[in-house]
1. Could you derive backbone 3J(HN,Hα) for segment 333-344 from the dihedral phi with the Karplus parameters 6.51, -1.76 and 1.60 (θ = phi - 60°), listing whole Hz in sequence and x where the residue is Gly or Pro?
2. Report the FRET efficiency, 1/(1 + (r/R0)^6), for Ser173 and Asn208, where r is their Cβ-Cβ distance and R0 is 22 Å, rounded to 0.05.
3. Kindly flag which residue pairs out of Lys233/Lys303; Lys140/Lys294; Lys42/Lys284; Lys166/Lys207; Lys21/Lys107; Lys176/Lys252 have an alpha-carbon separation exceeding 26 Å in this structure.
4. Given R₀ = 51 Å, what would the calculated FRET efficiency be for Asn261 paired with Lys442, taking r from the Cβ atoms and rounding to 0.05?
5. So for segment 406-565, Kirkwood radius off the Cα pairs, Stokes-Einstein at 4 °C and 1.567 mPa s: how many µm² s⁻¹?
6. Work out, step by step, the length gained on full extension between Lys306 and Asn545: first 0.36 nm times the residue separation, then minus their alpha carbon distance; give nm to one decimal.
7. Return the FRET efficiency for the residue pair Asn217, Gln20: r is the Cβ-Cβ distance, R0 is 45 Å, and the value is rounded to the nearest 0.05.
8. Take the alpha-carbon centre of segment 207-228, take the same for segment 278-296, and report the distance between them in whole Å.
Amino acid sequence: MIVIDYLFLVNKSSKESLYQKKWFYLGTDYKKIKVLQNSFLKADGYVDVFHELKSIQEEYKQEFIDFIGSLSVKYDSFQWWASSVSEKGMFEGQPLFMEFCYFKLIKQYMNQDVLIVLDNLTLLEAVQQNYNVKTYIYQKSSYIAEIIGYFKSRAKFFIMHFFRKKAPDCYISGKKYIGLISWVDDRNTESGDFEDSYFGKLFSSKKNNDEFLYLPNFIFRKYKDEAFAALRKESINYFSLFDNFTKLDVLKALFLSMGFNFDKNEKFIFDGENVSLFIKQKLKDDWLANRLSKYYLLYFAVKCLKQKGVFLDKVVYLFENQPWEKILCYSFKEFYPEVELIGFMHSVTLPYLLSLYPSQNEREIMPQPDKIFTTGQLFSEELRKYYDKTKIEDACAFRYEYCFENKVISKNKKNVILVALASDVEKKAEMIDKIYYAYKDKKEYRVLIKDHPANPANLESIFNNELPDNFEIVNQPISELLSSSSLVINADSTVGFEALKFRVPVIEILFNVNSNMSPIDYFQGKKYKCLTPNEILDTTNTILNMPHDEKNKYFLEVDSFLESCFNPIKDEYIAKICNKRQKEYF
């Protein structure tokens with residue numbers, strides 16, 4: 001076995017000496033597989049490790065959760081809960097869990113004549129340190145580059161926050177409110193009125209109540225002024241919590257995050273493997289990127305909220321168990337110990353979104369809300385496996401209210417295929433590549449490409465400005481697009497669930513070497529999952545030519561499944577979330 005750095009292969013290696021080898025790539029950049037196939041390695045020598053990697057993920061998922069949980073018990077602190085290691089892994093980039101899975105997969109190929117291409121320097125060094133194999137590294141990390149990165153990240157943080165102007169707030173000092181924290185972007189003002197994309201009817205029914213306080217968290221700050229103007233126009237109480245810090249707070253946040261407070265001699269063992277390099281590099285990356293400063297600012301923001309005389313009975317926020325939420329809970333427990341924190345899981349659980357899942361030994365110490373409401377029974381049951389069962393309750397799918405309205409799919413749209421792209425840019429590129437080769441010559445299909453609103457990309461550049469005639473990039477709301485689509489292609493998002501609610505069949509795209517987080521895995525019935533362009537095209541033809549009786553049977557199973565996922569919107573759920581603890585609040 002030879003393990004080689006992608007950059008070494010591209011820049012230094014003798015192409016001829018490696019051309020005849022079997023090979024595979026481990027990393028998140030799907031484009032590199034295409035480059036290797038087309039320019040440097042034998043295309044038909046590519047080894048598909050998808051199923052082996054998936055098997056490793058399944059085997060080690062719980063063990064990894066427990067491993068990080070043991071570290072949480074040992075290092076329980078503000079700094080720990082803000083770290084990417086305690087986070088376990090999110091949607092984007094190369095999470096720690098995937099690095100461990102790659103490490104395990106490499107070990108399985110130790111005695112085989114195969115070339116493994118990596119682009120993760122930490123993984124390369126770990127292989128070099130632990131396994132007796134040939135390893136070629138193009139360039140080790142540069143101390144000078146790290147120092148430059150350290151100061152650059154802090155300069156950027158200082159400029160972004162020290163000179164930030166806080167918008168005037170609209171609230172009455174000394175009055176007790178129920179606070180609602182929600183994500184805000186351009187969608188909130190699209191209709192002309194201010195609407196909330198995540199809380200839906202809960203927000204619209206309470207927004208003009210004088211005991212309600214909106215606490216916007218901006219996805220894109222460029223929409224801030226427009227959003228505040230709309231809130232003022234509708235006389236909605238609001239407070240800009242995430243800008244609620246002083247210039248001195250910015251300096252303190254920078255000062256407190258200057259040092260690298262971690263024992264460099266600490267050794268970490270996971271399943272008998274020395275994984276110290278992975279853990280320490282993640283912590284070092286956090287430090288170099290100045291990750292901790294933004295969490296100190298959130299801590300100071302909650303402190304300032306208290307100092308300004310904003311009284312709260314309850315705070316409701318969107319629950320995904322991300323680090324910022326843990327710091328939010330940590331801060332409120334310190335400055336507002338009497339406030340009840342409510343986490344509303346507006347979306348779905350994902351089997352491999354490990355950040356959602358605490359281990360049994362960390363669930364008591366992890367900063368978390370007092371109650372967690374989900375969209376339905378299935379997700380409540382899933383969370384009860386990991387959290388105190390008494391704090392998990394069913395609510396409803398506010399975000400998906402439109403799915404409960406009667407929709408009729410137009411019969412003349414038979415061959416319209418809607419592709420809902422993932423948020424992660426590398427997964428986006430892989431989806432586009434597979435869709436392109438599946439449909440580019442199939443003019444009978446009209447392919448609509450809808451980008452993820454939380455992380456839009458320049459899709460024309462991903463297509464290399466070669467968008468096929470039957471492809472179209474669209475920006476309409478998903479609710480409009482679903483009503484005129486006959487098939488949805490999806491990955492790592494809830495659009496698949498929304499499509500099934502519309503009785504539109506769904507194909508889930510699988511990623512070759514990236515993490516697959518599809519929520520459709522919970523469905524015990526027939527699932528359509530495709531790894532290659534040929535599989536996508538064949539499955540498309542199968543679905544669109546499915547006999548009527550077979551299609552009805554399929555959707556009967558789907559309907560039963562979705563009933564367990566999404567409860568319809570009812571006033572009783574709004575009351576459960578928004579009522580004051582002792583008496584009716586509104």
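Read-outs throughout are calculated quantities, based only on the coordinates presented, and are distinct from any laboratory measurement. Note that the structure is a prediction, hence the values are computed from the model and not measured. Using ideal geometry, Cβ is built from the backbone for each residue, glycine included, and neighbour counts are taken over all protein chains shown.
1. 3J(HN,Hα) across segment 333-344, in whole Hz: 5, 7, 9, 10, x, 7, 7, 8, 9, 10, x, 9.
2. Efficiency, rounded to the nearest 0.05: 0.65.
3. Table pairs above 26 Å Cα-Cα are Lys233/Lys303; Lys140/Lys294; Lys42/Lys284; Lys176/Lys252.
4. Computed FRET efficiency for Asn261 and Lys442: 0.35.
5. Result for D is 82 µm²/s.
6. Extra length from Lys306 to Asn545 when fully extended: 79.9 nm.
7. On the way: r = 54 Å, r/R0 = 1.20.
For R0 = 45 Å, the calculated efficiency reads 0.25.
8. Cα centres, segment 207-228 to segment 278-296: 29 Å.
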